[in-house]
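Chemist: Please see the structure below; I have some questions.
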Amino acid sequence: MSRFDDVLMLVGKLNYAWTNTESLFIYLIAHLLDTNKEAATIVFLTLNTTRARIDLLERLAKIRSTPPDVKKSVLDITSRMTREQRLRNKYNHCIYSFDESGRMASTQLMRIIDMDESLKYGKVEALDDAELQRIQNTIDSIISVNRSIWSFMQEKNISH
């Protein structure tokens, strides 16, 4: 398998783990708002960015009526997802470069920096073995968050 295939496989796994885990926010929203899954799904889908969904969860967790143990659990979950969001965003918003044999991989962030008289384009970074391991570590962390949400749901008897 080429480096190109390795990267595509990992980025696909990263996106799957992310969207699967973020969708569990629906149950946290339902619990914190004391509403049903259908209403929570509407709230989730109305907030069209991860940042907005995390902000909502954090704000609901911090209101006085939220029990301290629930607040702690939710804030832990949102903190962990926020920590992993940077790498996920990087790989969803970059240009990938490979040579004709699928080697010498790199990414370039899709950003332009306007510097008075010139422009600078997004940072180029190698997709070496260490970076592939970093992606795998992020996937593992997101899976861990997923399991934490399921444990929270079981503990609080939240049905799915």
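Throughout, read-outs are computed from the coordinates displayed, never taken from laboratory work. Note that this is a predicted model, so its numbers are computed, not measured. With ideal geometry, Cβ positions are generated from the backbone for all residues, glycine too; neighbour counts draw on all protein chains shown.
Chemist: Just to be sure I understand the curve: with the Debye formula and one point per C-alpha of the range 84-160, what is log10 I(q)/I(0) at q = 0.25 Å⁻¹?
Modeler: -1.15
Chemist: Say each of Asn89 and Thr19 gets a label point 7 Å from the Cα, pointing the same way as Cα to Cβ; how far apart are those two points in nm?
Modeler: Rounded to a tenth, the inter-label distance reads 2.0 nm.
Chemist: If you line up the long axis of helix 37-46 against the longest principal axis of the chain, both from Cα atoms, how many degrees apart are they, to the nearest 10?
Modeler: The two axes meet at around 40 degrees.
Chemist: Here's a follow-up. When the helix-only estimate is applied to the chain (DSSP H runs of n ≥ 4, each -39,500 (n - 2.57), divided by the residue count), what is the mean residue ellipticity at 222 nm, nearest 500 deg cm²/dmol?
Modeler: Result for the chain, helices only: -22000 deg cm²/dmol.
Chemist: Follow-up. Please report the spacing between the Cα centers of the range 1-31 and the range 99-145 in Å, no decimals.
Modeler: 17 Å
Chemist: A follow-up question, please. Measure nothing but the geometry: give the 0 to 90° angle between the long axis through the Cα atoms of 68-92 and the longest principal axis through the Cα atoms of the chain, rounded to 10°.
Modeler: Tilt relative to the chain: about 20 degrees.
Chemist: Can you tell me the order of 30-39, 54-63 when each peptide is scored by its average per-residue count of other Cβ atoms within 10 angstrom, highest first?
Modeler: Output ranking for 30-39, 54-63: 54-63, 30-39.
Chemist: For the chain, take the longest principal axis of its alpha carbons; what is the angle in degrees between that and the long axis of helix 50-62, to the nearest 10 within 0 to 90?
Modeler: The two axes meet at around 30 degrees.
Chemist: Determine by what factor the alpha-carbon radius of gyration of the range 3-154 differs from 2.2 N^0.38 Å, reporting the quotient.
Modeler: Dividing the Cα radius of gyration by 2.2 N^0.38 Å gives 1.25.
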